[in-house]
Each structure stands twice: as structure tokens, then as C-alpha cells.
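Contents: one structure, followed by commentary.
The values are calculated or read from the model by the stated rules, or taken from the named source; none is laboratory data. Model, not experiment: these values are computed from the prediction. Ideal geometry is used to build each Cβ from the backbone, glycine not excepted, and the neighbour counts take in all protein chains shown.
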Amino acid sequence: MGDPDVDDDAFAAGVERALRDPAVTAALFSVRVESLAGRLSPSSSGDYLSGLLIGAEIAAQIDTSHRPLILIGAEALGRRHGQRSVAHSRGPIPMIPAAIESLDALPLIAILRGLAPDEAVDVGEAIVAAGFRCLEVPLNSPEPLQSIDLLRRALGGRALVGAGTVLTAEAARQVADAGDQLVISPNTNVEVIQQTKALSPLSLPGFFTPSEAFVALAAGADALRLFPAEIAGPQGVRAVRAVLPTGARVYAVGGVDPASMDDRRAAGASGCGIGSAVFKSRQSAEQTGRQAAQFVTRWSSPAFEQP
């Protein structure tokens, strides 16, 4: 069911017009012409313009190289684009959420298991000051939704804040309703993934076998978490990476310290989820910040180039 405040037909018309005429400047002026001619209401002009820009982006990527087409945009735009498929010769075009791009800049997730609301902001600020861009509060922590809300309000646009150990579709709905930006699970549950994507947060389910990984991707997962990574080891990362789509994001989670992070990254991990090596319950914010900084420094080292 579409958003009642969005004119999907106007959005689609804008996309189709841009695909026919990718000259962006001329196409943009068509908004004024369509409005003056009475073919676009004032409320529909913005959606038509959005469609023009998306269509121009698609047209700009179409060449003879046969590379996959990818768009980057906000979650809401991604849902609208998926609901209104654009007609072209290469099939559906994936929309990468802007939040994923933010996480890609430093693909380390701080897992704050046991975090309590009264320490949440201080710990979160210390981790973000160290350079992390993503924080996870597992739902088996004390009052996790309160901690997530406090972190989200305090950190604003400086970091993504999500819920971990989300095991049911109802739990996914609850955390999404609370403003959660990521839904993270230790397992592959199709209902959780689909509920998450229906409500817009990023979906990061856990997997251990290639079969689970493919099921999660087919259900709409934005990234995958190989868990427990200490059992799979670098060999497991390398093996599963060999069969997954090239663009699939695979995070190693479980038993990650700075040294093992290097091994997993060399094996092809896109990033890591880090728990007790960064934070333990009632650990001071200062110590947490120091430990977080070690991971950021190690990951950002110019001496390490991911294959």
C-alpha cells in the first residue's frame, strides 16, 4: 500500500521522461511547463522532479560495459523505487540505502550487550568520538529500547543506532516503531527480514552456512553477519565469500579482536561486529573509547589494503 502523501504516478512519469531525455537541464525545466499547463498539481511537482532525477541517474549509468546498475538513496526513496519498477532493458535496479553508504565508510559495529540506559549516552559518545559510525544494543540488555532512544537522540546524524538479537517479526516492528535504524539478528529468519524492510530500517541478519546467506539475501537483507566468526575462522569467511554475489556485504561477528579482525578482513570480510573487546557492562566510557579507537586505527591503517 502506497504513501497517501506521495503521487506515485507523478514520480513514475518523471522517471520515464528523464529516461527518454537524459539532458537534465532541459528536463528540469519541464516541471515548470507541466505545472503551468495544468498537467501537474503543486503537490505533485516534487514527486515528478524526484522521478526526473532518478531517471537521469539511471540513464547516465547505461553504457556498453554491462556493469550492474545501482542507485544510492534514502530508505523511503528506495521503497518507492521498488514499488514503481522502472521500465528498462536490464531488469530491476537495486537501491542502496544512504545509511549503508554511511556504514561502508567505517564498517565496524559496536555491539553494546548489557548496556544500561544510565550509561548509554556517555558510552555512545565515547565510541563515536573514537570513530565508530554504528552502534548495536542487543534486546537482551536492560531496557534496550530506552537506551536506543537515548543514543539516537544524543548522536543525531553522527552514527547509526540499531537493535540486536531481534528474533521475531513482532520485535522488529517494535524496534522500528521506536525509531530504530537497523535490525540485527544472530540468525536467518525470513519473517524478521521482511518485516524489517517493510518498515524501512536496514536488515542485518546472521548466518553460518551459504544456504542461510542466500535465503537472507533473497528475503531482502542489506548485509549479512557471519556468526559465530570465531568458529568459521578466516577460512569460513573466504569460502562463503567465494560463492556469494560480489556486492554482498559480509560482516564477521564473534570473537573479534584487533588481530583477528585483520585476518577476517584479509579473507574478504566487509566489516566486523565487535562486542566485549570494545564494551562490557558497566565498563567506563573512557576505557570503552580507548578500546574502540584501537579498532578504528587498525581498520583505517593505510598499510592494510583489502583485496
Quiz item: Is there any pair with a first residue in the range 118-142 that is under 23 Å from ALA171 (Cβ atoms) and a second that is outside any helix (DSSP H, G or I) and modelled with pLDDT under 95 whose Cβ atoms are under 6 Å apart and which are 6 or more apart or on different chains, and what are they?
Solution: CYS134/LEU160; LEU135/ALA159; LEU135/VAL161; GLU136/GLY162
Quiz item: Which condition number in (1) over 19 Å from GLN235 (Cβ atoms); (2) surrounded by 16 or more Cβ atoms within 10 Å (Cβ to Cβ) is the one that GLY247 fails?
Solution: (2)
Quiz item: What are the residue pairs meeting all of these: first residue in the range 253-265, first residue free of Cβ contacts under 8 Å to residues at least 40 places away in the same chain, second residue among the basic types (Lys, Arg), Cβ atoms under 8 Å, and 6 or more apart or on different chains?
Solution: VAL256/ARG264; MET261/ARG298
Practice problem: Residue by residue through the range 266-280, note down the ones that are out of contact with any Leu (no Cβ under 7 Å at 6 or more places or on another chain) and either in contact (Cβ under 8 Å) with a residue 24 or more places away in the chain or surrounded by fewer than 17 Cβ atoms within 10 Å (Cβ to Cβ) (or both). | Solution: ALA266, ALA267, GLY268, ALA269, SER270, GLY273, GLY275, SER276, VAL278, LYS280
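State whether one or more residues within the range 209-220 are under 25 Å from ALA159 (Cβ atoms), assigned by TED's automatic domain parsing to the domain that holds GLY157 and either in contact with a strand residue (DSSP E or B) (Cβ under 9 Å, 6 or more places away or on another chain) or part of a helix (DSSP H, G or I) (or both).
Step one: of the range 209-220, the residues under 25 Å from ALA159 (Cβ atoms) are 216, 220.
Still in the list and also assigned by TED's automatic domain parsing to the domain that holds GLY157: 216, 220.
Retained after the next criterion (residues that are either in contact with a strand residue (DSSP E or B) (Cβ under 9 Å, 6 or more places away or on another chain) or part of a helix (DSSP H, G or I) (or both)): 216, 220.
Among the residues of the range 209-220, at least one is under 25 Å from ALA159 (Cβ atoms), assigned by TED's automatic domain parsing to the domain that holds GLY157 and either in contact with a strand residue (DSSP E or B) (Cβ under 9 Å, 6 or more places away or on another chain) or part of a helix (DSSP H, G or I) (or both), which makes the answer yes.
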Quiz item: Do you know which residues across the range 112-163 are within 24 Å of GLY206 (Cα to Cα) and charged (D, E, K, R)?
Solution: ARG113, ARG133, GLU136, GLU143, ASP149, ARG152
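Looking for whichever is of a type in the set (A, V, I, L, M, F, W, C) and at pLDDT below 95 here; the options are ALA221, ALA259. Which one fits?
Numbers: ALA221 fails: at pLDDT below 95.
The match here is ALA259.
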